[in-house]
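Reviewing the structure listed below.
The values are calculated or read from the model by the stated rules, or taken from the named source; none is laboratory data. Predicted model, so just to flag it, every value in this text is computed and none were measured. Don't worry about glycine lacking a Cβ; one is built from the backbone with ideal geometry, like all the others, and counts go over all protein chains shown. All accessible areas refer to the heavy atoms of the entire protein, side chains included, with ligands and DNA or RNA removed. Shrake-Rupley method; radii C 1.70, N 1.55, O 1.52, S 1.80 Å.
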Amino acid sequence: MDDKSNKLLLALVMVFLFAVIVLQYVCPGTECQLLRLQAFSSSLVDPYRAEDESPAKFIPKFNFTAEDLMRKVDFNIKGDDLIVFLHIQKTGGTTFGRHLVRNIQLEQPCECKAGQKKCTCHRPGKKETWLFSRFSTGWSCGLHADWTELTNCVPAVVDNKKEMKMRPLRNFYYITILRDPVSRYLSEWRHVQRGATWKASLHVCDGRSPTSDELPSCYTGDDWSGCSLKEFMDCPYNLANNRQVRMLSDLSLVGCYNLSVMPEDQRNKVLLDSAKENLKRMAFFGLTEFQRKTQYLFEKTFNMNFISPFTQFNSTRASSVEIDDETQKRIETLNFLDMELYEYAKDLFLQRYQFMRQKEHQEARRKRQEQRKILRAKHANHKAETDNSTADYIENVEKWR
């Protein structure tokens, strides 16, 4: 038995040595070996799949054009371009906002001092910010300003001290983070239950904030702390309902917060269509449930790399809330617009990820093919030089005779 094992081991060693000799003859040097190692490493398990348990084969539901899927902007951090972060409550925006000011590789990193919420994010060589967000400029357009507020407010805030003719022609790149509507809703309830109010939100639309009749309060007193989930769901004026659609749509299209402008069904359709279109046109959006993919798409979109990888937190305050099926269905009903928007957003997000990964693999394949061509040319030249040297040697030997 031992003799057979030794013979088998010897045979395997001989086959390996033969393969090495053949490889060395076909492609001398280390270039070919490096190419093969690169090809092997690229075939390993996709590191972006493990963190969110996404399906191995994604089947899209919506038809998007290549223009919709391709996200690669020429962001000029040294020029006048500006990234504007639309921060929707309880979507993981605080975590992502910190990544933007503390975790990006920059020529001139943001200066963040201990004990201070805001960081100084200047362009290289300039005392001017490249980022409009909670952690860089503060709530300059109001607490958790929505799309309607930001698009009207940001240009004026950024260039308010400059005369109109002196204002630069900026590119404003809007970005945001979305979250599963049920988880987001539960997280907002828990936050409100602890005393959060967002009273400082302005809700400016068409030049004014809503009246108390247009936007009644769900509670009396300073806050709504201690409210039960049932109380939270029962308030018909609760802005937590369909918050993501409202904050991403152009509210001017429906008369802002005046619900008497058009029938409810028509209003809902206009809001949802507007939110989808604005989301699709944004430079970038990520999903809380796909942290590594969010990181990947941001890096590819803006050609800016993060220092440390994003972490997927599956255990949150919302995940610790146990609800029955009836409550789940009611939350989904209250957030039916957000449910539809999220389905659309998730499909677009995963299609963009798939599209960008395919582009990346195609580019890597093209580079490997070019490297192989160069190596074959080198090998051909080396062989020709060797043949010529051999011929010259033989010719000289003939002469010496």
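In table form, for the structure just shown:
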| read-out | value |
| --- | --- |
| Members of region 223-255 found to be at positive phi, surrounded by 15 or more Cβ atoms within 10 Å (Cβ to Cβ) and free of Cβ contacts under 8 Å to residues at least 60 places away in the same chain, listed by number | 255 |
| Some residue of region 269-283 being in contact (Cβ under 8 Å) with a residue 60 or more places away in the chain and assigned to a loop (DSSP other than H, G, I, E, B) | yes |
| Flag if residue 116 is assigned to a loop (DSSP other than H, G, I, E, B), modelled with pLDDT under 95, farther than 24 Å from residue 146 by Cα and open to solvent by 40 Å² or more (accessible area, probe 1.4 Å) | yes |
| In region 130-147, residue least open to solvent (accessible area, probe 1.4 Å) [restricted to those that are aliphatic (A, V, I, L, M) and either assigned to a loop (DSSP other than H, G, I, E, B) or more than 16 Å from residue 173 (Cα to Cα) (or both)] | 145 |
| Breaking point among (1) open to solvent by 30 Å² or more (accessible area, probe 1.4 Å); (2) over 22 Å from residue 188 (Cβ atoms), for residue 297 | (1) |
| Test for residue 187: is it surrounded by 15 or more Cβ atoms within 10 Å (Cβ to Cβ), part of a loop (DSSP other than H, G, I, E, B), of a type in the set (S, T, N, Q) and at pLDDT 95 or above | no |
| Those residues of region 64-110 which are in a loop (DSSP other than H, G, I, E, B), open to solvent by less than 30 Å² (accessible area, probe 1.4 Å) and not hydrophobic (A, V, I, L, M, F, W, C), in sequence order | 79, 81, 87, 89, 91, 103 |
| Of the criteria (1) among the β-branched types (Val, Ile, Thr); (2) touching a residue at least 40 places away in the same chain (Cβ under 8 Å); (3) closer than 30 Å to residue 203 by Cβ, which one residue 77 fails | (3) |
| Odd one out for residue 166, checked against (1) in contact with a Pro (Cβ under 8 Å, 6 or more places away or on another chain); (2) open to solvent by 50 Å² or more (accessible area, probe 1.4 Å); (3) modelled with pLDDT under 95; (4) of a type outside the set (Val, Ile, Thr) | (1) |
| Residue satisfying condition, being open to solvent by 30 Å² or more (accessible area, probe 1.4 Å), modelled with pLDDT of 95 or more and of a type in the set (S, T, N, Q), within set 176, 220, 211 | 211 |
| Residue that is surrounded by the most Cβ atoms within 10 Å (Cβ to Cβ) [pool: residues in region 256-278 that are aliphatic (A, V, I, L, M) and over 22 Å from residue 176 (Cβ atoms)] | 262 |
| Hits in region 191-207 (condition: closer than 20 Å to residue 86 by Cα and either without any contact (Cβ under 8 Å) to a residue 12 or more places away in the chain or part of a loop (DSSP other than H, G, I, E, B) (or both)) | 196, 197, 198, 199, 200, 201, 202, 203, 204, 206, 207 |
| Leading residue by the ranking (least open to solvent (accessible area, probe 1.4 Å)) among those in region 312-335 that are outside any helix (DSSP H, G or I) and at pLDDT 95 or above | 335 |
| Qualifying residue in region 238-245 (condition: charged (D, E, K, R) and touching a helix residue (DSSP H, G or I) at 6+ places or on another chain (Cβ under 9 Å)) | yes |
